[in-house]
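Asks: Can you keep this structure in mind? I'll have questions shortly.
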Amino acid sequence: RLDAFLGAPEDHDSLELGRKQLTGTIPPEIGTLTKLENLWLDNNDLSGEIPVEICNLPNLTFLDLSYNQLTGYIIPELVKIP
């Protein structure tokens with residue numbers, strides 16, 4: 001599960017969790033990692049919707065959610081990631 005990798009918000013500027021056989025949903029607590037710049041969650045078995053809290057990451061410049069079982073819509077704010 002992804003929440004096992006989430007530590008204190010000040011701990012991360014990059015999370016490389018692609019190809020880790022993660023299951024479950026992306027927890028809304030992902031939005032507390034405000035220093036996060038790069039997030040790789042590709043090639044896992046994550047499901048559910050992309051949490052809106054991911055838009056609370058002001059420094060996020062790279063996001064890879066490909067090759068999962070995510071459903072729903074792409075949050076318009078994610079398209080604005082530089």
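Asks: Rounded, prolate or oblate: which fits the range 10-55, taking a ≥ b ≥ c as square roots of the Cα gyration tensor eigenvalues, rounded meaning a/c under 1.5, else prolate when a/b beats b/c? Walk me through the numbers before you get to the answer.
Replies: Details: a/c = 2.34, a/b = 1.27, b/c = 1.85.
In terms of gyration-tensor shape, oblate.
Asks: Between ARG1 and LYS20, what is the label-to-label distance in nm when each label sits 7 Å out along the Cα-to-Cβ direction?
Replies: So the label points at ARG1 and LYS20 sit 1.4 nm apart.
Asks: Given a 1.4 Å probe and every protein chain left where it sits, what share in percent of the accessible area of the chain is carbon and sulfur?
Replies: Answer for the chain: carbon and sulfur cover 50 percent of the accessible area.
Asks: Of PRO27, ILE50, LEU15, which is farthest towards the positive pole of the chain's charge dipole, taken about the Cα centre with +1 and -1 on the beta-carbons of Lys, Arg and Asp, Glu respectively?
Replies: ILE50
Asks: Arranged from highest to lowest average of other beta-carbon atoms within 10 Å per residue, in what order do the peptides 23-33, 59-69 appear?
Replies: On the way: 23-33: 16.5, 59-69: 14.4.
Ranking, from highest mean packing down: 23-33, 59-69.
Asks: Specify which labelled value, from (1) 15, 22, 19, 23, 20, 1; (2) 19, 59, 22; (3) 17, 51, 28, 4, agrees with P(r) over Cα pairs in 10 Å bins from 0, in percent derived from the coordinates of the model shown.
Replies: From the options (1) 15, 22, 19, 23, 20, 1; (2) 19, 59, 22; (3) 17, 51, 28, 4, the structure gives (2).
Asks: Using label points projected 7 Å from each Cα along Cα→Cβ, tell me how many nm separate GLU29 and TYR73, to one decimal.
Replies: If labels sit at GLU29 and TYR73, their model points lie 2.9 nm apart.
The values are calculated or read from the model by the stated rules, or taken from the named source; none is laboratory data. The model shown is predicted, which means the values in this text are computed figures rather than measured ones. Every residue, glycine among them, receives a Cβ derived from its backbone with ideal geometry; neighbour counts consider all protein chains shown. To get the accessible areas, we keep the full protein, side chains included, count just its heavy atoms, and leave off ligands, DNA and RNA. Shrake-Rupley method; radii C 1.70, N 1.55, O 1.52, S 1.80 Å.
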